[in-house]
Structures are given as C-alpha cells and as structure tokens.
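Notes to accompany the following structure.
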Amino acid sequence: MFDLIIRGNLVLENEVMYGEIGVQAGKIAEIAQPGKLKSLNMQDFGDCFVFPGMIDAHVHCFSNPHEGFAATSESAAVGGLTTILDMPYDLAAPITNLARFQQKVERLEKEALIDIGLWATIAKSGGTQQIGLLADAGAVAFKMSTFETDPHRFPEIADSEIMKAMTLISQTGLRAAFHAENNEMIKQLTESYIQQGRLDPLAHMETRPPVTETSAVLKLLEFAYWTGVKLHIVHVSHPRTIDLAMIYKQMQVDVTTETCYPYLLMDAYDLERFGPKAKNNPPLRLPEDVVGLWDHQLQDHIDLITSDHAPWGSDKKEVGNTNIFEAASGMPGVEILVPLMFEWAVVKGGISPVVLGKWLSQHPAEVFQIQGKGKITVGNDADFTVIDQDQSWIIDEQAFKSHSKLSPFHGREVQGKVIQTIVRGTTVYDGFEVKVKPGFGRFVAGAAVKKGAYQ
C-alpha cells in the first residue's frame, strides 16, 4: 500500500506513458500501468502531463532584498517549479564566504516553500581561499562575472583570479559558471552613446553587441581548457556563443550552456516596444539571432533553459523610461518560465514533452549533479509538475507572487496551465493556492558537500 498514487500521462526519460506512480515516504517507489497499484490516496490527472519536477537553475532571490526565499519560492511553486538554484549576488552581502553561506542556509530552511540549492561566488580579489570551504558547505556551483555591475555585489573578476578560481573549483568537481560579457568594450560604448544622447531602449542592445558576449566566452573557454574546470556559460543570448562552445567540446573541454526564456521568445524589437521591462544583460538580440538560438536548442546544443528571475520593483525600471541605461536589468520569470516554454515547445512547436522535460528538469539536475531529482524513476524524490494542455490562461503581472509586478508578457494568453506542483509527494500548489507553509522547502546541498555537514 502506497502513501500516494499519481495517475496521468507520465513524462519519463524516453517516452510518455499513461500510467501510475506509487509514492512512499516522499520517494518514487514504483511506476506501473493503470490499476496495478494500491493506495487510499489517489490523484488522477487524466490526460494531463505529469512531468518530473521542473528545476530553474538561475534565480536571484536576493538581488532585491524585498523578495527573498518566501516570495520567490511561492511564485516558483505557482509556476510549476519544484527546485530552484539561487544565485549568490545578494544585496547587500554577496555569498563570498562560509559564514554568509551558512546564514543563508538557515534562512532558507525557515522560509522556503520548495527545495532550493545555493550558488556561491568569490570576492573581487583575494576570495579564492573560500572556495574549498564553500564547496564543503554545500554550494551547488560557483558563479563569477567578466562584467562589473557593482564592484562589491557583482564585480568583474580579473583574469588572474579567474585562473586561480578555476583551478581550485576543478578540484571540487563543481562547475564554474560565468556571466560572460566584455566589460571594457561595453563601458566604452555606453559612455559614447550617452555622450551622443542615445538613451533609447535599442541603445542598450547596440552598446552590448554580440562580440561583447562571444569575446568573453572565448577567453573563458581557453581558461577552462588549461585548468580542466567544468565550465558553464549562463544566459547565452547569441548562437555564436554556442558555436564556440561546440568547438571547445571537441577539444574535450567540459562546457555546458544555458539560455533563458526571453532570448527564445523575444527579440530586440520587443526591447524597443516594452523599454525597461524588457531590459536584460545580455540584451535581447535581432530576430535572426533568435532563430539561430532556437536551432541550437532544438538540436540539443544548449543544455538547459532558465528564467534568470530578477525581481525588481517598478521603481528600478521606470527610471529608465527616459534613459535606458538607468534601468535595472532583468525581469521576473519563475512563475511563467514553465508554461511559456510548454506552450512554445509542445503546443506550438510540436516538440515531445520528453524533450521539454530534459531541458527543464533532467539536464539541470545532471549539469549541477543534483541527486534524486530530474527524472521520474524509482528512488528519486516524488517531485512532479502537472500541466493541463487544454487549459488556457492570461498572464497578469499584478497577480505575481513575486515582489516584482512587471513583465513584457503581461496580458498574453498562454495555452497550457500548471494545475499541480508536488514536492517530495506533497502538493505544494493545487492550481489555485499554495498549500504548504514556509519551512517546508529543503536545502539541496551540492555534490561536493562534506559528509555529515547537514544531518
């Protein structure tokens, strides 16, 4: 007798199967044909798709201190996410040392509604000595930047420090990930445009041309070649970046890549249309670049898709209405990533749900070595994202659970609705409201965590 049976169109690793999942003690205990399993608790989702719990590997809970774990994880649960990986660029104290990491874990365990892993980073200089300690404490990966947003919170890391960091990270077996943009080139172009009075939305894209991404990526690929680190490039905006990664894969460099839903679903003319709402770093690209990125995605050249959830308030965006350079970069995404990608890929694109499950669950789990998640298989956590392909709904930015009530997708009708989010066998979101209290979510420790650190 199982604690729970889930019935529906199960999105397995290699097929969609109408069947049942037996859940015991929060784990997947058996997968069977309908009617084979016994339980007093049955959730029958009919023809709806039961995906492995979706994972967003690129989320910023604390770049806006008004957001935090509670708001982000509630928003994520409504969006069908069962696990998120939170970035380390917290305001006002980035996660650059063991003490801050441990404090963040404690807060997570009190506030989270879903399961959360934590990224770590290093200080602008002299921070590499913390890498081993952070890995032992359970950091899921390390994030650094070649572009400087802020010298304290989000600094540019010098090449010599990157090489030191890569060497040390390679010893942990974790990934070194990078925001890859050419700082010097962008700063010079931005200064020039401001002097010319070019403050319009498209100026943001033009001051960050594709070469500012690809030149930074090329340098990092070469560094990874010489250090042997596992490299991850976040928020890829241009197909040329993927071309370069593929070349270095042939040289045995272990490089993975991600893109984000805005780069697949919008282009530079949406930046012109929506202004600050659609401002990202890197920026939205030209339509032909979007097509090229989709071509790579469909050929499985891009490992995963993320939201890069950045929960800015309207005050941080509206200041850019007359000067795009003043607006904060990024947009909220945890609540709409899964349904938007389901509609685009499965409903409109005719892509198998199996493929979408790999992009949004299996691959993130594999890239970041998250044990017990990413696939519907016996022994894994009973994490499921249930989508009704026949339901349509309209995105309402004011209804977001996030602090950020703005989106260029506001008012858009979406085909395919998340009707249940299940974490470790417990319904976190039932299609109408969140059903668990803060503290239900658990800390997901990284693969290099020291044995006994969290018992």
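Quick notes on this one:
- Test: Val354 is in a helix (DSSP H, G or I), under 20 Å from Ile21 (Cα atoms) and of a type in the set (Val, Ile, Thr): yes
- Any chance Ser352 is within 17 Å of Phe49 (Cβ to Cβ) and over 20 Å from the mean Cα position of the chain (by Cα): yes
- Test: Glu335 is among the acidic types (Asp, Glu), in contact (Cβ under 8 Å) with a residue 12 or more places away in the chain and part of a helix (DSSP H, G or I): no
- Residue in the stretch 172-180 that is more than 30 Å from Gly439 (Cβ to Cβ), touching a helix residue (DSSP H, G or I) at 6+ places or on another chain (Cβ under 6 Å) and in contact (Cβ under 8 Å) with a residue 60 or more places away in the chain present: yes
- Qualifying residue in the stretch 283-296 (condition: of a type in the set (Phe, Trp, Tyr), outside any strand (DSSP E or B) and over 23 Å from the mean Cα position of the chain (by Cα)): no
- Taken over the stretch 290-348, the criterion of being within 19 Å of Phe62 (Cα to Cα) and among the charged types (D, E, K, R) is satisfied by Asp308, Asp315, Lys316, Lys317, Glu335.
- Reported count of residues in the stretch 9-27, each being of a type outside the set (A, V, I, L, M, F, W, C) and assigned to a strand (DSSP E or B), is 7.
- When Ser215 is tested against (1) buried (at least 22 other Cβ atoms within 10 Å of the Cβ); (2) small (Gly, Ala, Ser); (3) in a helix (DSSP H, G or I), exactly one condition is not met: (1).
- Residues (polar (S, T, N, Q) and under 23 Å from Ala365 (Cα atoms)) located in the stretch 412-455: Gln420, Thr421, Thr426, Thr427, Gln455
- The condition (being buried (at least 17 other Cβ atoms within 10 Å of the Cβ) and either touching a Phe, Trp or Tyr at 6+ places or on another chain (Cβ under 6 Å) or of a type in the set (Asp, Glu) (or both)) is satisfied by just one residue among Asp315, Asp303: Asp303.
- Selection from the stretch 98-146 of residues that are more than 18 Å from Ser73 (Cβ to Cβ) and among the β-branched types (Val, Ile, Thr): Thr121, Ile122, Thr128, Ile131, Thr146
- Taking the stretch 114-153 as the range and being closer than 18 Å to Val217 by Cα, assigned to a strand (DSSP E or B) and hydrophobic (A, V, I, L, M, F, W, C) as the test, the residues that pass are Phe142, Met144.
- For the condition closer than 20 Å to Gly411 by Cβ and in contact with a strand residue (DSSP E or B) (Cβ under 9 Å, 6 or more places away or on another chain), Glu318 does not qualify.
- In the condition set (1) surrounded by fewer than 21 Cβ atoms within 10 Å (Cβ to Cβ); (2) in contact with a helix residue (DSSP H, G or I) (Cβ under 6 Å, 6 or more places away or on another chain); (3) small (Gly, Ala, Ser), Ser352 is compliant with all but (2).
- Test: Phe51 is among the aromatic types (Phe, Trp, Tyr) and farther than 21 Å from Ser361 by Cα: no
- Residues within the stretch 94-147 that are surrounded by fewer than 19 Cβ atoms within 10 Å (Cβ to Cβ), among the small types (Gly, Ala, Ser) and without any contact (Cβ under 8 Å) to a residue 40 or more places away in the chain, tallied: 4
- Boolean, Ala399 is surrounded by fewer than 16 Cβ atoms within 10 Å (Cβ to Cβ), closer than 30 Å to Leu4 by Cβ and without any contact (Cβ under 8 Å) to a residue 24 or more places away in the chain: yes
- Residue count for the stretch 415-436, restricted to those that are free of Cβ contacts under 8 Å to residues at least 60 places away in the same chain and either farther than 23 Å from Ile5 by Cα or charged (D, E, K, R) (or both): 3.
- Only one entry of Gly357, Gly374 meets the criterion of being crowded, with 18+ Cβ neighbours inside 10 Å, touching a residue at least 40 places away in the same chain (Cβ under 8 Å) and out of contact with any His (no Cβ under 8 Å at 6 or more places or on another chain), and that entry is Gly357.
Yes/no per residue for (1) touching a strand residue (DSSP E or B) at 6+ places or on another chain (Cβ under 6 Å); (2) in a helix (DSSP H, G or I); (3) under 30 Å from Gly138 (Cβ atoms):
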{"residue": "Ala177", "(1), (2), (3)": "yes, no, yes"}
{"residue": "Ile186", "(1), (2), (3)": "no, yes, no"}
{"residue": "His204", "(1), (2), (3)": "no, yes, no"}
{"residue": "Val211", "(1), (2), (3)": "no, yes, no"}
{"residue": "His232", "(1), (2), (3)": "yes, no, yes"}
{"residue": "Thr241", "(1), (2), (3)": "no, yes, yes"}
{"residue": "Ala245", "(1), (2), (3)": "yes, yes, yes"}
{"residue": "Thr256", "(1), (2), (3)": "yes, no, yes"}
{"residue": "Lys277", "(1), (2), (3)": "no, yes, no"}
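- Residue match in the stretch 210-233 (condition: touching a Pro at 6+ places or on another chain (Cβ under 8 Å) and either over 30 Å from Gly320 (Cβ atoms) or among the aliphatic types (A, V, I, L, M) (or both)): no
- Restricting the stretch 1-32 to residues that are in contact with a Lys or Arg (Cβ under 9 Å, 6 or more places away or on another chain) and charged (D, E, K, R), the residue that is surrounded by the most Cβ atoms within 10 Å (Cβ to Cβ): Glu20
Bear in mind these aren't lab numbers, they're just calculated from the coordinates by the rules spelled out. Here the structure is a predicted model, which is why all the values come from computation and not from measurement. Here the Cβ is made from the backbone with ideal geometry for all residues, glycine too, and neighbour counts use every protein chain on show.
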